[in-house]
Amino acid sequence: MARKQTRAAAKRTAKAMRAARRGKAAKLKKPSAQARADSKALHGATPPWSKSEIEEAFRRFQAAMPEPRGELEHINPFTLLVAVVLSAQATDAGVNKATPALFALADTPEKMTRLGEAKVRDLIKTIGLYRTKAHNVIELSRRLVAEHGSRVPNTREALEALPGVGRKTANVVLNIAFGEPTIAVDTHIFRIGNRTGLAPGKNPLEVELKLLEVVPEHYRLHAHHWLILHGRYTCVARRPLCEKCVIADLCRWPGKITLMAPAGAAALS
């Protein structure tokens, strides 16, 4: 029985992947209908998913990208922490343009402290809020040297006590640097959680806690990478690419028309 279910799951995944590659997974309704759908989603009106559907969605994400990676360039846990701090209200691409020169000069807290705030500010001035961020980078570097033996701490409480580090930043560092199954909810994951009905919430913390509740444990380590990349390149804000979406038949968003029947509808009910 288990073997038969595994084969059926593989067929569902393959069917969804083929439809997405052909650009025939779903099509968008009119912009006005999309706007109404998004408005309803932000008020928690999108129907929830079943456990089987969530399992199927992450099975597909894993099939499409077995080992997802964050897009912020870094060398070690310290440079990862700095990069994530710099990425607040900025794009990863924009941060990646500025950090190579910065990290070439300072890839440890001691070197960053010696570099000084003025030099850091000059190196990251292409990034939004660069003055505040330069100050936070220097202060957190000093704190790491003084309070943590120049090492990035591996607890949420210690990370959030550092200047410029909030819950999302702490979650990213815990996940990437220390292999913790945390989920960092950015604007993309917040949108996906509400739009699809996967994990609705009024704020990022509600979405995070809901995802931790519903995402199967064996997918949790990579869940936030899959969802961030899905939101960044497929389920985008203005015009989601539903026609190329590998979970289009599972997604509850009413702003689209699904072209393929829900894969294995009977098995997923």
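The values are calculated or read from the model by the stated rules, or taken from the named source; none is laboratory data. Since the structure is predicted, the reported quantities are computational estimates derived from the model, not experimental observations. Here Cβ is always computed from backbone atoms with ideal geometry, including for glycine, and neighbour counts include all displayed protein chains.
Take Ser87 and tell me if it is among the hydroxyl-bearing types (Ser, Thr, Tyr), touching a Leu at 6+ places or on another chain (Cβ under 9 Å) and either surrounded by fewer than 17 Cβ atoms within 10 Å (Cβ to Cβ) or touching a residue at least 40 places away in the same chain (Cβ under 8 Å) (or both). Explain how you work it out, then say what you get.
Details: among the hydroxyl-bearing types (Ser, Thr, Tyr): yes; touching a Leu at 6+ places or on another chain (Cβ under 9 Å): yes; either surrounded by fewer than 17 Cβ atoms within 10 Å (Cβ to Cβ) or touching a residue at least 40 places away in the same chain (Cβ under 8 Å) (or both): no.
It is false that Ser87 is among the hydroxyl-bearing types (Ser, Thr, Tyr), touching a Leu at 6+ places or on another chain (Cβ under 9 Å) and either surrounded by fewer than 17 Cβ atoms within 10 Å (Cβ to Cβ) or touching a residue at least 40 places away in the same chain (Cβ under 8 Å) (or both).
Does the range 24-39 contain at least one residue that is surrounded by 14 or more Cβ atoms within 10 Å (Cβ to Cβ) and more than 30 Å from Lys202 (Cβ to Cβ)?
Checked against the condition, which is being surrounded by 14 or more Cβ atoms within 10 Å (Cβ to Cβ) and more than 30 Å from Lys202 (Cβ to Cβ), the range 24-39 yields at least one hit.
Working only within the range 97-122, note down all residues that are touching a helix residue (DSSP H, G or I) at 6+ places or on another chain (Cβ under 8 Å) and under 20 Å from Glu71 (Cβ atoms).
Passing the criteria: Ala98, Thr99, Ala101, Leu102, Phe103, Asp107.
For the condition outside any helix (DSSP H, G or I) and either surrounded by 15 or more Cβ atoms within 10 Å (Cβ to Cβ) or on the phi < 0 side of the Ramachandran plot (or both), what is the one hit in Val145, Val173, Val152?
Answer to the check: Val152.
How about the range 120-142: which of its residues are among the β-branched types (Val, Ile, Thr), assigned to a loop (DSSP other than H, G, I, E, B) and touching a residue at least 40 places away in the same chain (Cβ under 8 Å)?
Selection gives Ile127 alone.
Would you say Arg121 is loosely packed, with under 15 Cβ neighbours inside 10 Å, more than 25 Å from Glu208 (Cβ to Cβ) and at pLDDT 95 or above?
Numbers: loosely packed, with under 15 Cβ neighbours inside 10 Å: no; more than 25 Å from Glu208 (Cβ to Cβ): yes; at pLDDT 95 or above: yes.
For Arg121, the condition - loosely packed, with under 15 Cβ neighbours inside 10 Å, more than 25 Å from Glu208 (Cβ to Cβ) and at pLDDT 95 or above - is not met.
Go through (1) small (Gly, Ala, Ser); (2) surrounded by 16 or more Cβ atoms within 10 Å (Cβ to Cβ); (3) under 24 Å from Arg151 (Cβ atoms) one by one and return the number of the condition Gly116 breaks.
With respect to (1) small (Gly, Ala, Ser); (2) surrounded by 16 or more Cβ atoms within 10 Å (Cβ to Cβ); (3) under 24 Å from Arg151 (Cβ atoms), Gly116 is out only on (2).
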